[in-house]
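What follows is a single structure, written as structure tokens, with notes after it.
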Amino acid sequence: MDDNIILMEDRQLIPRWHTSRKAFQLSFPNAPREIVTSGENDIWLIKAIDIWKENPTLPNAIDLFVRLVQDDLREHKLYSTLSKQLIKSYQQLPDVIKNLVCPKADYLDTAETYGYSTSVDSIRLIIKKLKALVEKNPRDSWSWMDLGFYYSIIGETDKAEYHVSVARNLDINNSFISRSYTRHAIHSGDPELAEWNLRKNPFLKSNPMLLSAYIALCSSYNIGRNNVSDGRKLLSNWKGDASRISELLACIGTIDIKNGSIKKGKKLVNQALVSPSENVISHISWLNHKHKVNIKNANHNSISLERNINDLYSKGNFKECRSELMKMYNFQPYSSASISDAGYLSIVALQDMNFVKLISENRVPKSHMGFSELNNLIVAKMLSNELDDIHRDIELLRKKVDATDVQTVATFNATCGMLFFSIGNIETGQQYYDKSISLLSKHNNQRSLCVANYFYSMMLKDCNPEKASFVKKEAVRLGKKLGMLEIS
């Protein structure tokens, strides 16, 4: 899968990662808060509903409320009624139930209405509060998972891994925990672990949100089992709420479209728009832009930052696109992909090196940065002729190179080439750029090849104008072919 946001080459319905306190709000931002849900797939839930209706005591209300929360059914038509009943008896509730009933009393992260805090100081405070919660209730798997989320934001990967593992061990079959753990594993570069985690969940074939995550994962990374037939079977028998199958519909529809069954795939994707998640809206926008698949109702009124990003980029509105990318970082801050894209646009399209330095210089320690963000920062500093400590930064970047990934290897070579040009060693600089371009050409990585040629032409402009013109024409040719409006 691609590690970028702007019109990625390949996309599937890989789950977003949200905290337990904001998951529904951010996954279904325009959804009504009460949706009729049959619940007929869970006999224990049906039994709990019957018991509560017959005898609506506080213990029965608590039991039903917790079942709805654990099954990710906060949109259930009884959820609001139960919340009101429990709030009336708030002082009689156990602490853990108080936190479930009134998360905003303990909301922790209030800095963003459509996203999360990204300030390190704010995150440290949130982590402190979450630690207090798990000290009071060590079995609060959701707060353990939320701790992993916030440690991921500040780049403390070992602590993030520890806390998400504790959450999974506490509540191994819970849908929210399983999907969150899956997204963390993918973010950590271990899709095989993500596949294993989902495959071991006993509710995989009956829970559409788990099954969509599994099919999307296996399709994206070419691993695991082909469960598309299980997905179609679940869709044909589904009697529950439409929002819970939106991602599964879009996931299988995308596979059909990629396999050439356009009409069949579009039918499923259109069904996904009946009650879509934010991820579905973003995905359908990508289908429209990348595969020119015209989906009816694609301009659904649900909020989607990723859709906005791709729309603005496709129109060449790079400054507005960059602003949306920074909002996207607030929306999914454990990943620096949107910051990397914002940095790329700042350098190539907007020639705004100061923006790159401002957002990345002190965000997290450089040792915690991803490869792309650190590379952008180094390039911005070199193009600003700020070469103090640049060798130290290059050495740190070298340690982040994945030797099995052509793009990072080629990018590192190109950045080294820029460094040699910057210090006046033209011959060595050309050798590094030629090596990078040769590697990208060999593996047909055309987008990265276009960017490498673009920067190479900049470096050659003064010392070899004729070659610079030739290389620039090649970059522009590729840019036009690929719809890269920033390369001109």
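Only the coordinates and a few stated rules stand behind these numbers; no lab work does. No experiment lies behind these values; they were computed from the predicted model shown. As a convention, Cβ positions derive from the backbone with ideal geometry for all residues, glycine included, and neighbour counts pool all protein chains shown.
Rounded to two decimal places and with Rh computed the Kirkwood way over Cα pairs, what is Rg over Rh for segment 362-406?
Result: Rg/Rh = 0.97.
Based on the Kirkwood radius over alpha-carbon pairs, what value in µm²/s does the Stokes-Einstein equation return for the translational diffusion coefficient of segment 377-488 at 37 °C and 0.692 mPa s?
It diffuses with D of about 231 µm²/s by this estimate.
Along the three principal axes, how long is segment 118-308 when you take its alpha carbons, biggest first, rounded to the nearest angstrom?
Principal-axis extents of segment 118-308 (Cα, largest first): 53, 36, 30 Å.
Over segment 318-453, with a single point scatterer placed on each C-alpha, what log10 of the ratio I(q)/I(0) does the Debye formula yield at q = 0.09, 0.13, 0.18, 0.21 1/Å?
-0.25, -0.54, -1.06, -1.39
Of all GluC sites (Glu not before Pro) in segment 379-457, which ones are in loop regions per DSSP and have a Cβ with at most 15 other Cβ atoms within 10 Å? Present the calculation step by step, with values, prior to reporting the outcome.
Details: sites: E386, E395, E427; in loops: E386.
Filter output for segment 379-457: E386.
Please go through segment 126-223 and write out the GluC sites (Glu not before Pro) that DSSP classes as loop and that have at most 14 other C-beta atoms within 10 Å.
The qualifying sites: there are none.
Where a ≥ b ≥ c are the square roots of the eigenvalues of the C-alpha gyration tensor, would you call the chain rounded, which needs a/c under 1.5, or, failing that, prolate if a/b is larger than b/c, or oblate?
prolate
According to a simple spin-label model (label point 7 Å from Cα along Cα-to-Cβ), what is the distance in nm between N226 and K435?
Once both label points are built, they end up 4.2 nm from each other.
DSSP loop chymotrypsin sites (Phe, Trp or Tyr not before Pro) in segment 403-488 with at most 15 other Cβ atoms within 10 Å of their Cβ, which ones?
Within segment 403-488, no chymotrypsin sites (Phe, Trp or Tyr not before Pro) qualify (loop, at most 15 other Cβ atoms within 10 Å).
Sum -39500 (n - 2.57) across every DSSP H segment of at least 4 residues in the chain, then divide by the residue count to get the 222 nm mean residue ellipticity, nearest 500.
On the way: 25 runs with 309 residues, N = 488.
After summing the helix terms and dividing by the residues of the chain, the value is -20000 deg cm²/dmol.
Using a 7 Å offset from the Cα along the Cα-to-Cβ direction at both K233 and R199, what is the distance between the two label points in nm, to one decimal?
The modelled label-to-label distance comes out at 1.8 nm.
Under the Karplus relation 6.51 cos²θ - 1.76 cosθ + 1.60, θ = phi - 60°, what is the ordered set of whole-Hz ³J(HN,Hα) values for segment 285-293, x standing for Gly and Pro?
4, 4, 4, 4, 6, 7, 10, 6, 8
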